[in-house]
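One structure below.
Just so it is clear, none of the values below were taken in a lab; they were calculated from the coordinates. In this text, all values refer to a predicted model and were calculated from it rather than measured experimentally. Backbone-built Cβ (ideal geometry, glycine too); neighbour counts: all protein chains shown.
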Amino acid sequence: MPSSRIAPDKLLLTLIAYVVLGCIAFITVFPFLVLVINSFASEHAIINYGYSIVPRELSVSAYELVFLNPQKILQAYGVTVFITCFGTAASLFLSSMAAYSLSRRDLRYRNKLAFFIYFTTLFNGGLAPTYIVITSVLHLKNTLAVLVLGPMFSVFYILILRNFFMHSIPGSLSEAAKIDGAGDFTIFLRIVLPLTAPALASIGLFTALAYWNDWWTAMLYVERQSLMPLQYVLYKILSSVTMAANIVNNVATLNLPKESLKLAMTVISIGPIVLAYPFVQRFFIKGITLGSVKG
Amino acid sequence: MRHGVRFVLAALLLLLPLAFTFAGGAPEGGGTAPAKEAKIIGYLLGDAPTGMPDVLQALNARLKKDLNVTMEINYIGWGDFQAKYPLVLAAGEDIDWIYTANWSFYFQEAAKGAFLELSDSMLKENMPLHTKVLSAAAWNQVKLPNGKIYMIPTPTPDRKVPVAVIRGDLRKKYGIPPVTKFTGIEPYLKAIKANEPSMIPMNLESTYDVGQPFSYVSYANDPYFEDILYSTGSGTGLVWLLGDKTNKLHYMLEEPVLSWQKTAARTMKAWYDAGYINKDVFANKVRSKDSFVQGKSAVGFGNSIDIQSTIAGATANGWEVELVPGLDGNSHYRADPYLNNGVALAANTKNAARTLQVLDRIIEDKSYNFLVYFGVEGKNYVMKNNMIALPEGLTADKNTYPPDAAGFWFTNKDQFPPFATWTPAYVQHRKDIVDKGFLVPTPFVAFSATTDEVKTEVANANQTMVQYLQPLWIGISDNVDASFATLDQKLKAAGVEKLRTTFQSQVDEYMKRF
Amino acid sequence: MRRQGLIRELGKNRTLYLMFVPVCLYFVLFSYLPIGGIVLAFKEFNYRDGILGSPWNHFKNFEFFFKSGKAWSVTTNTFLYNLMFLALYTFFSVLTAILISEMKGKRFKKTAQSFMFLPYFISWVVAASFLYNLANYEYGMINRLLLWLGQKPINVYATPRYWYFILPFAYIWKWIGFGTVLYLAAIVGIDQECFEAATIDGANEFQKVFRITLPMLRPTMAVLVLLGLGRILRGEFDMFYQLIGNNGILIEKTDIIDTLVFRSLLGTQDFGMATAAGFYQSVLCFAIIMIVNRVVKALESDYALF
């Protein structure tokens, strides 16, 4: 008898999993597929027939429009890749460092510190004062720094990391290390980080996605063409096509794709990130990181 | 007591932003010869066309020679417009001039102190060309209630009326008589519905089209009327009538306006029920004029200026396009104010005189004007038979600097020749506007209400109008009379009466100027 | 006495406090410096006088919201919708995380998980277009299907009760990828020994899920639910505005604080009123989270946020 015979309850669970996950997977991928397919549909087809599974007329004019100035897109990709990599690395490291301090039960003021940063999610000064601080006080307008710093820290992610640190690391490990003479930072670096790889991977992924998709920071603070990240460039292409046609007498907007342009933009902005995701996925497979927790 | 400490800390932090005081910059002494080079930064709306760097280079070459000035231009995109326009002014940094208009927050921002006051002497000294062209009436429109001027208006307001386009080829195919007035459009809609199953007679969109057909019908047989806060994008329910010498503000839910509205609402409901209008207007984001060009909608809505590209597109598809202007019972529409395009100087600018001189040239000097509007001659446009045309081999969609795209809409457009791409029907329409006297000036268009005392009522009236009037605009209503009664009740609860008395007294005061 | 304790504490754990400094500095600069702007909620702002110098107008900026006749209804709408979203989001994320971790079939698992992330990349603008093409009366996919089956078309955008389903569905659709990843990360961190011991004791898969996995997920659930409650009065503005917009028919049942404020202040450019509305939301969120956190702290101090 093959040892891989599955018990009936496991079978039932797997069956339920297939059904539920299958439905959810379908619901989440179906719109995306429709969007990708219709990004290759002509504007005429979309306006007359809506989104179809099999478009009646194909056209790459939406992509042509986006890549009309390939240099601009490539430069934007470069900016985005840089701020995503650098920003995510910095954010993850510094956030987890702070989260570790907050997770140590022997730190007397940890709850006050947690409240200190949490308070900023409850009350904030508003768009205008923030804008004034960043432009007039900190002089960060039109700098790479503002694109990196803007989305860098999220109180939610810091607190989620704190939660993982508190409940996934047995206290005995830190005690043992301390007895061996290790300092707090060393414990953090050598013991805690490796053990919480899944949590770090997930928060790292979210942070990377936030950087990748961020156009708001650029919209507010960047006017120099060379510093515009991908999402913002795409967004500007779309808004210039959509809005200009409404206001002005512009013969050039004769047959410009607007609806298919929105879709093409979604496809273009997803590209590389979808490739990065499988890489991160391996952290979520059970059994890889365990084993070191014993003892 | 932990909380006590926290609150004290919080209070201390509130005092941190001590740096936020805005001192107005002292304007540069005017009119002297430019000895020191100045860098001037301006803001326009929209997005920089791809050909902008070349144009800017040419522009700066000339500005350096004439005035020892280098100009930098930034853009506020349409998508960010609402959020970013006030922010750029609030920060007050690195900005000398900015595009403004009555619909582009001129009055609101001027009231907040964002713009530099322009005195008569400043203007005469630094803008000789422009002040010669502009009439006193134009400057009169620009003044705030305190009599001060903060904007340089365009010398050529848009000459436009609302205009709908229909498919002449389909009209003739189904034997419908010509549509001269919008109220006569029903046979056309019926024919389309019956014979063209893949088309929607009127495919309306949620922000612009939503109010158009209703509007056209509501004043088709009577004077044109408009909401007092129309230019700011808000609705109050208080309207003025074109040609009404009493300057009275009418409440839209009282006679005579109420009957006009009810007739329009009933018409829209009939059309909605018959399927002449798409059922989900609020969710549709595609403009009817774009839908028209693609062959989905049988009617497209726009105005004399922006409908040109729709006409060109439809004609290129081999269809015949006929225009139906949205005029009132006297064949009139209100003329746009001089405020509908303009420029203002930022309060903190350090180069006031020089900026004015630069703007003077851009607006009134023909060679500068053509450069910023049409681009580089030979590359973006050529003159053919005294008309603006594209250079040989260049198609409209490859032009890196299309007219209007750069955002310099406040220059003197009377200096421009016609475009080679205008169709005969369109040229005729433009002629008609002037020859048949469609446009009637009225001081109301330049009036701007001061809303500080009534901002609560304005906010509530606006959201009430959106929620309860807009469905009537597209005919979704089970009972027109009941819906209007509800709207009336809600508006009164929002405080429309207080708005009426406040605004009427402001209007009366304002009219004394004319 | 207290002072000495503070210094001693800082000295004893100085590394840990230093580790917190970068984050602390960031929030001081980017959140606490501008926070003084909240006073704008009580002022009549103009540029000449700036934030500090503009005159006070006390509660005038709050009037529009409380006199709108809708203050109570949009507050309850925001609260109830967010509560529903939070509950469903937690339920489905935990469900899919458990299923993914338990099931066999690596490739299917990985693909399903990747697919769940795709909606994050679809902006609400595009999602609204998709919904329009799915649900519009004239040529939407749903109605084309209904007509083909011989049924009458439905008017989704004019029937409020459909939206009690559409809105939560859209919310879950957009965020399920995130929630699943977080709970999966927590599940992966559970010591395998517990499961092995349970198997030896004869427990079946379902028992393992309910007796081991779920309880071990409690801390993560607690922190995510608490974080969600702290935002309970802040609506998903983008979603509501793009999907519903100015649809007067639907507004009555689906209006939230953020959309009401947006409609009221369009064209007004009044910083004070906008700040006042935000302040109202902040105060309510603050009150709620302080209470809930206190309660949680009493029950299980490790789960509290602060």
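Averaged over the residues of B:484-497, the number of partner chain Cβ atoms lying within 10 Å of the residue Cβ comes to 1. Using the Cβ-Cβ distance between A:Asp106 and C:Leu25 with R0 set to 22 Å, the FRET efficiency works out to roughly 0.40. 3J(HN,Hα) along the stretch B:98-110: 8, 5, 8, 6, 4, 8, 10, 6, 4, 5, 5, 6, 4 Hz, from the Karplus curve 6.51 cos²θ - 1.76 cosθ + 1.60 with θ = phi - 60°, whole Hz, x for Gly and Pro. Taken along the Cα-to-beta-carbon direction at a fixed 7 Å, the label points for B:Thr207 and B:Glu254 span 3.5 nm.
Annotation: for a label point projected 7 angstrom from Cα along Cα→Cβ of B:Glu72, residues of the stretch A:206-236 with backbone N closer than 15 Å are A:221-228.
For the segment B:393-404, counting C-beta atoms of other chains within 10 Å of every residue's C-beta and taking the mean gives 4.
Could the peptides B:433-441, B:136-144, A:154-162 be put in order, highest first, of the mean number of other beta-carbon atoms found within 10 Å of their residues?
A:154-162, B:136-144, B:433-441
Inter-chain Cβ neighbour count for B:463-474, averaged per residue, equals 5 (cutoff 10 Å, partner chain atoms only). Annotation: amide H-H contacts under 5 Å for C:Lys43 (H modelled 1.01 Å from N, sequence separation of 5 or more, or interchain): C:Asn57. Computed on chain C, the Cα convex hull volume stands at 227 Å³ per residue.
For the stretch A:63-69, putting each phi into the Karplus relation 6.51 cos²θ - 1.76 cosθ + 1.60 with θ = phi - 60° gives couplings of 5, 4, 5, 5, 8, 3, 10 Hz, in residue order, rounded to whole numbers and with x for Gly and Pro.
The GluC sites (Glu not before Pro) of the stretch C:213-304 meeting both criteria, a DSSP state outside H, G, I, E and B (loop) and at most 14 other C-beta atoms within 10 angstrom of the site's C-beta, are C:Glu300. Karplus-based coupling profile of the stretch A:234-241, in residue order and whole Hz: 4, 4, 5, 4, 5, 5, 5, 6, with θ = phi - 60° in 6.51 cos²θ - 1.76 cosθ + 1.60 and x standing for Gly or Pro. Can you pick out the pairs among B:Lys262/B:Lys492; A:Lys10/C:Lys110; A:Lys258/C:Lys174 whose Cα atoms lie more than 22 Å from each other? Pairs exceeding the cut-off: A:Lys258/C:Lys174.
Charge dipole of the stretch C:1-120 (Cα centre as origin; +1 on each Lys and Arg Cβ, -1 on each Asp and Glu Cβ, all else neutral): 560 debye, rounded to the nearest 20. Amide H contacts under 5 Å for B:Glu226: B:Trp240, restricted to partners 5 or more places along the chain or on a different chain, H placed in the peptide plane at 1.01 Å from N. Quick one: if the Förster radius is 30 Å, what FRET efficiency do B:Lys398 and A:Leu33 give, using the C-beta to C-beta distance and rounding to 0.05? Working from the Cβ atoms, E equals 0.35. Normalised by the number of residues in chain A, the average gap of Cα pairs under 8 Å and 6 or more apart makes the relative contact order 29 percent. Under 5 Å from the amide H of B:Ile41 lie the amide H atoms of B:Glu72, B:Asp96, B:Trp97, each residue being 5 or more positions distant or on a separate chain, with H modelled from the backbone and absent for Pro and chain starts.
Placing +1 on the Cβ of every Lys and Arg and -1 on the Cβ of every Asp and Glu, with no other charges, gives the stretch A:71-221 a dipole of roughly 200 debye about its Cα centre.
Using a cut-off of 22 Å between Cα atoms, the listed pairs B:Lys36/B:Lys350; B:Lys143/B:Lys366; B:Lys490/C:Lys253; C:Lys104/C:Lys208 include B:Lys143/B:Lys366 as exceeding that distance.
Quick one: if the Förster radius is 30 Å, what FRET efficiency do C:Ala298 and C:Thr15 give, using the C-beta to C-beta distance and rounding to 0.05?
FRET efficiency, C:Ala298 to C:Thr15: 0.45.
Excluding same-chain neighbours fewer than eight residues apart, the aspartates and glutamates reachable from B:Lys190 by a Cα-Cα span under 13 Å are B:Asp273. The simple spin-label model puts a point 7 Å past each Cα toward its Cβ; for B:Arg62 and B:Lys36 those points are separated by 2.7 nm. Sorted on the mean count of surrounding Cβ atoms within 10 Å across their residues, most packed first, peptides C:113-124, A:95-106 read A:95-106, C:113-124. List the pairs from A:Lys112/C:Lys297; B:Lys160/B:Lys248; B:Lys160/B:Lys413 whose alpha-carbon separation is above 21 Å, in the order I gave them. Pairs exceeding the cut-off: B:Lys160/B:Lys248.
Summing Cβ point charges (Lys, Arg +1; Asp, Glu -1) relative to the Cα centre of the protein assembly as shown gives a dipole of roughly 2440 debye.
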